[in-house]
Each structure stands twice: as structure tokens, then as C-alpha cells.
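Before any comments, here is the structure.
The values are calculated or read from the model by the stated rules, or taken from the named source; none is laboratory data. None of these values were measured; they are calculated from a predicted model. With ideal geometry, Cβ positions are generated from the backbone for all residues, glycine too; neighbour counts draw on all protein chains shown.
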């Protein structure tokens, strides 16, 4: 055999690293990458606008497919598609509860503060029905008294109502439900896989009734689409009607990953607004501080009128009038 006559064969594996180190399963058009968590507690991604500094994300990617989701950049860093793939390629960190238990003592000793749960992808998206990672996460938090805020849009969180009550008693944990706007036409396009605003309002009411500490996150408010005085007032009024104690307004931010997806949609669906968005946002995806200030103050004034606290941890003012029993959107 003449070795010098043999051609070299390129055997490099061009798959993304996350795929090479994961067990890959497919179901209903979605690819699940089952992988170990290298770290459970991670620094909060830039551009979320949330007050917490540290986050825990059982899943990366999200079936809710929100065009504005700031977690899309994380998909790109993993070598996955930050566009359509964000909803169709879900990373499942199956050992997240065990990793969290190992890391929590050090986090608390360092004074790491409140943890944000579910920022890399909704922790109660449909994948949670299959993998059930959250009961272990909640137990780990409750056992050591680690404070947390669980961010979700999904009624599936009610499946863990008792665990959430226990965690709230043990460490002051609470649920923050995103109700950014009540315009269902906008929701169907901007958040196509997410529950409707009506279902999220009903979720808030159910959490209040179940005795689970909760608040509404009115975010993201979409500039020029859901920020009119009438739209803001309708959203705050519906939130107040649920019995929730507080609302936190968040104006849309567009970090890399989300920026491309969202602005492409704006240019296609609302071309007259494209130039204004270019003026409103800087290169890092932060909106004009003046615009943010005006919008947040509008929501704060509405919150005062309806007896809601505005912002995390703010005391609720005395209600200016009765809360409404109905949850109609019109």
C-alpha cells in the first residue's frame, strides 16, 4: 500500500457545539437539545431591562416565538438560528435543579441577591410539560431560602401552585406575568406562540386567588404600536382588575439577535415606522431615555389612579376606586 497515494479526508464535524454535546430529540417539528448545564446561575444578559443581576434558565429558546425576545442573541451565541430556530430549537438543561442546589450556597454567601428565573426562554413553555424541570428548581430555591422572581407568560405555572406558595413562604419568591398590551391583533403577530392577553390576565387573577405572590410586567411596550394613551390605560385597567398588587413597565429593548428579527418585521409590516425606530434606538438597542421616561411616567400615573404599585418592591398606594371584576378585553 502506497500511503502517499491516499487522499486526506476532511472529517471535521460542522455541527454547532451544542448539538455535538447533546442528546437530540425531535417531536412535533421542534428539535430538543438535551444537555448538562455548565452553570445554573449565570449573569443576567445585557439589555433585558430587569433589575436582577443573576438568572437561572432551564430552557434556551422559546416556543412563544416573540419577535422582540432579548434571549434570541443567546441562541446565536450557541450557533443556533436566532430567527425561526429560536422557537424550533429548544435547549433543555436537564440537570439544572442539581446544578442549582450545588451553586446556591455560594451565591447566597456572596450576597448575589434575587434570581430571575426563565429569562433564556419561558420556563413554563410547552417543553416543560414534557421535561418538568421546574418542580426541582423551585424545591432547590425553597430549601435554602433563595429569593427569586419567576418570569412567565404561561398558565402552565399554575401546575406548580403549591410549590410556589411554599417557595414564597420560604424565601419571598414571586411570579411576574408579562401582560405587555391587550391588543390581540398585535399579539398574534409579535408574540405568535404566546398565550393571549386574556389568558394571562386570567392567570394573574388565578395566582392572586391561590395566594401566590405575583405582579404584572407590562413589557415590552412596543414604541408606536402599543404605547398610545388609550392602549396604556386599557392595559393597566385590565391588570388592576385581576387583583394584582403591582405593575412594572418595560419599554422594548433590542439587543443583538432580537434587533434584527424585530426590525425586519417592522420594515415589512409597518414600513412607515422604520425610520422612526432607527431614530429611537441606539446601536446597542437601547431606546431613547427621554422616550422611556415619558412612557414609564404615563404608566406610573395610571397605576396610581388604579391603586397599583409601580415597579418591583414599590408600596401599593390607596386605591382611587373599585377594582373591576370582569376581565374583558374590550
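What the table shows:
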read-out	value
Failed item, numbered, when residue 273 is tested on (1) over 23 Å from the mean Cα position of the chain (by Cα); (2) surrounded by 13 or more Cβ atoms within 10 Å (Cβ to Cβ); (3) within 24 Å of residue 186 (Cα to Cα); (4) modelled with pLDDT under 90	(4)
Single condition residue 164 does not satisfy, out of (1) free of Cβ contacts under 8 Å to residues at least 60 places away in the same chain; (2) over 30 Å from residue 222 (Cβ atoms); (3) not in a loop (DSSP other than H, G, I, E, B)	(2)
Residues (under 23 Å from residue 301 (Cβ atoms) and in contact with a strand residue (DSSP E or B) (Cβ under 6 Å, 6 or more places away or on another chain)) located in segment 201-234	204, 214, 215, 216, 217, 218, 219, 220, 221, 227
Residue in segment 40-50 that is in contact with a strand residue (DSSP E or B) (Cβ under 6 Å, 6 or more places away or on another chain), in a strand (DSSP E or B) and more than 25 Å from residue 251 (Cβ to Cβ) present	no
Scan of segment 276-287 for residues that are touching a strand residue (DSSP E or B) at 6+ places or on another chain (Cβ under 8 Å) and either assigned to a helix (DSSP H, G or I) or surrounded by fewer than 15 Cβ atoms within 10 Å (Cβ to Cβ) (or both), ordered by number	280
Residue list for segment 172-204, filter: surrounded by fewer than 19 Cβ atoms within 10 Å (Cβ to Cβ) and assigned to a helix (DSSP H, G or I)	184, 185, 186, 188, 189, 198, 199, 202
Restricting segment 249-263 to residues that are surrounded by 24 or more Cβ atoms within 10 Å (Cβ to Cβ) and farther than 16 Å from residue 279 by Cα, the residue that is modelled with the lowest pLDDT	258
Count of segment 224-248 residues which are part of a loop (DSSP other than H, G, I, E, B), in contact with a helix residue (DSSP H, G or I) (Cβ under 9 Å, 6 or more places away or on another chain) and surrounded by fewer than 21 Cβ atoms within 10 Å (Cβ to Cβ)	5
Identity of the residue in segment 205-217, outside any helix (DSSP H, G or I) and at negative phi, that ends up surrounded by the fewest Cβ atoms within 10 Å (Cβ to Cβ)	213
Test: residue 150 is crowded, with 17+ Cβ neighbours inside 10 Å and outside any helix (DSSP H, G or I)	yes
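Results for (1) at pLDDT below 95; (2) in contact with a helix residue (DSSP H, G or I) (Cβ under 6 Å, 6 or more places away or on another chain), shown as yes or no for each residue.
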site: 142; (1), (2): no, yes
site: 151; (1), (2): no, no
site: 170; (1), (2): yes, yes
site: 188; (1), (2): no, no
